[in-house]
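Visitor: First the structure, which I've put down as structure tokens, then a few questions once you've had a look.
The values are calculated or read from the model by the stated rules, or taken from the named source; none is laboratory data. Here the structure is a predicted model, which means the values were calculated and not measured. Cβ atoms come from the backbone with ideal geometry, glycine included; neighbour counts cover every protein chain shown. Accessible surface areas use protein heavy atoms only, side chains included; no ligands, DNA or RNA. Shrake-Rupley method; radii C 1.70, N 1.55, O 1.52, S 1.80 Å.
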Amino acid sequence: MTAHNLAGRAGAWAAANPKTAIFGWLAFAAIAAALGAAVGTKTMPEEASATGESARAERILSRSGLQRPAGEAVLIQSKRIRAPSEELYAGVRDVTSRLRGLADVQNVRSPFGPGNLGLFSWDVRAALVPFRI
């Protein structure tokens, strides 16, 4: 049985010469790793890694020279309950009060604050509490 395509011929050769194939593959991998280490890496600028409105915001921030504060958020959700509950609201109040008590945390936005209703999910089973470090 003869193989007519390149992969078939390479497989037949590797089956007939296993030691040469293995050591050849190891040599290829070592040479490729050495070349990659010698060339190095080039990191993509943060403003080039986004798309759409995020990309526009990144370009504006990079041009302005502003330092980006570290932003975080806590997601509070209720998987058991199918409707808004006092349990979720109590969790939101607890998280916001604990975050406001931390020295390194700033700008804690409660979903209960004015204009922050968008921090609740459409079915009011989850809430987001964003803050800055």
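Visitor: Quick one: which of 119-128, 16-25 comes out on top by average Cβ neighbours within 10 Å, and what's the full order, highest first? Each step should come with its number before you reach the end.
Guide: Details: 119-128: 16.0, 16-25: 10.8.
With the highest mean Cβ count within 10 Å placed first, the list reads 119-128, 16-25.
Visitor: Taking the Cα atoms only, what angle lies between the long axis of helix 6-16 and the longest principal axis of the chain, rounded to 10 degrees?
Guide: Between helix and principal axis, roughly 70 degrees.
Visitor: Something else: Relative contact order for the chain: what is it in percent, counting Cα pairs under 8 Å that are at least 6 residues apart? Kindly include the intermediate steps, with their values, before the conclusion.
Guide: Numbers: 113 pairs, mean separation 29.5, N = 133.
Dividing the mean separation by the residue count of the chain yields 22 percent.
Visitor: Another question, then. Give me the percent of accessible area attributable to carbon and sulfur for the chain, probe 1.4 angstrom.
Guide: Roughly 61 percent of what the probe reaches on the chain is carbon or sulfur.
Visitor: Calculate for the chain the 222 nm mean residue ellipticity that helices alone would give, adding -39,500 (n - 2.57) per DSSP H run of length 4 or more and normalising by residue count, nearest 500 deg cm²/dmol.
Guide: Mean residue ellipticity at 222 nm (helix-derived): -15000 deg cm²/dmol.
Visitor: Let me ask something else. Charges only on Cβ, +1 for Lys and Arg, -1 for Asp and Glu: so what's the dipole of the chain about the Cα centre, in debye to the nearest 20? Can you show the working numbers first?
Guide: Working: 16 positive and 10 negative charges, 31 e Å.
Dipole size: approximately 140 debye.
Visitor: Follow-up question, since we're still on this one. May I ask for the angle, rounded to the nearest 10°, between helix 86-100 and the longest principal axis of the chain, with both axes built from Cα atoms and the value confined to 0 to 90°?
Guide: 80 degrees
Visitor: Taking the mean number of other Cβ atoms within 10 Å as a proxy for protection, how do you rank 33-43, 85-95 from highest to lowest?
Guide: On the way: 33-43: 8.1, 85-95: 14.6.
Answer by packing, highest mean first, reads 85-95, 33-43.
Visitor: How large is the Kirkwood hydrodynamic radius of the chain, in angstrom, based on all distinct alpha carbon pairs? It would help to have the intermediate numbers written out before the result.
Guide: On the way: mean 1/r = 0.0479 Å⁻¹.
Its Kirkwood hydrodynamic radius stands at 20.9 Å.
Visitor: Pop out the ³J(HN,Hα) list for the stretch 21-29 in order, Karplus 6.51 cos²θ - 1.76 cosθ + 1.60 with θ = phi - 60°, rounded to Hz; leave Gly and Pro as x.
Guide: With coefficients 6.51, -1.76 and 1.60, one gets 5, 5, 5, x, 5, 5, 5, 4, 5 Hz.
Visitor: Here's a follow-up. Using 7 Å Cα-to-Cβ label points, what is the ILE31/ILE133 separation (nm, one decimal)?
Guide: 4.5 nm
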